[in-house]
1. Suppose we keep only residues that are among the aromatic types (Phe, Trp, Tyr) and surrounded by 10 or more Cβ atoms within 10 Å (Cβ to Cβ) within region 25-78. Which one would you say is nearest to TYR13 (Cα to Cα)?
2. Among the residues of region 29-46, is there at least one that is within 30 Å of ASP61 (Cα to Cα) and among the aliphatic types (A, V, I, L, M)?
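Read the figures in this text as sums done on the coordinates, not as results from a lab. No experiment lies behind these values; they were computed from the predicted model shown. With ideal geometry, Cβ positions are generated from the backbone for all residues, glycine too; neighbour counts draw on all protein chains shown.
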Amino acid sequence: MTTEVIRERLYDYIRVADDKKIEAIYTLLEDQIIPGHHWSEDEEFVAELDERVRRYEAGIDPAFSIEEAKSLLNEMKKEYQKSLKK
């Protein structure tokens with residue numbers, strides 16, 4: 001039986017199981033269940049993002065578009081490959 005099939009069977013079972021069985025399953029797995037992290041609720045993280053934006057907008061820190069970053073990486077890759085041929 002594949003993991004996908006097992007997962008579907010567990011989903012189906014949990015949907016119809018009585019409260020006692022759900023509580024027992026949860027108790028068994030509780031230590032392994034990690035609550036989701038919502039970055040927008042993390043004040044320290046949001047403050048860091050705000051500071052980075054402020055520094056970028058003030059011209060203190062540079063930023064690169066995806067295209068610029070890809071181009072720079074391709075150039076670095078070519079230089080690296082040249083150095084291997086020497």
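1. It comes out as TYR26.
2. So far as region 29-46 goes, yes, one or more of its residues are within 30 Å of ASP61 (Cα to Cα) and among the aliphatic types (A, V, I, L, M).
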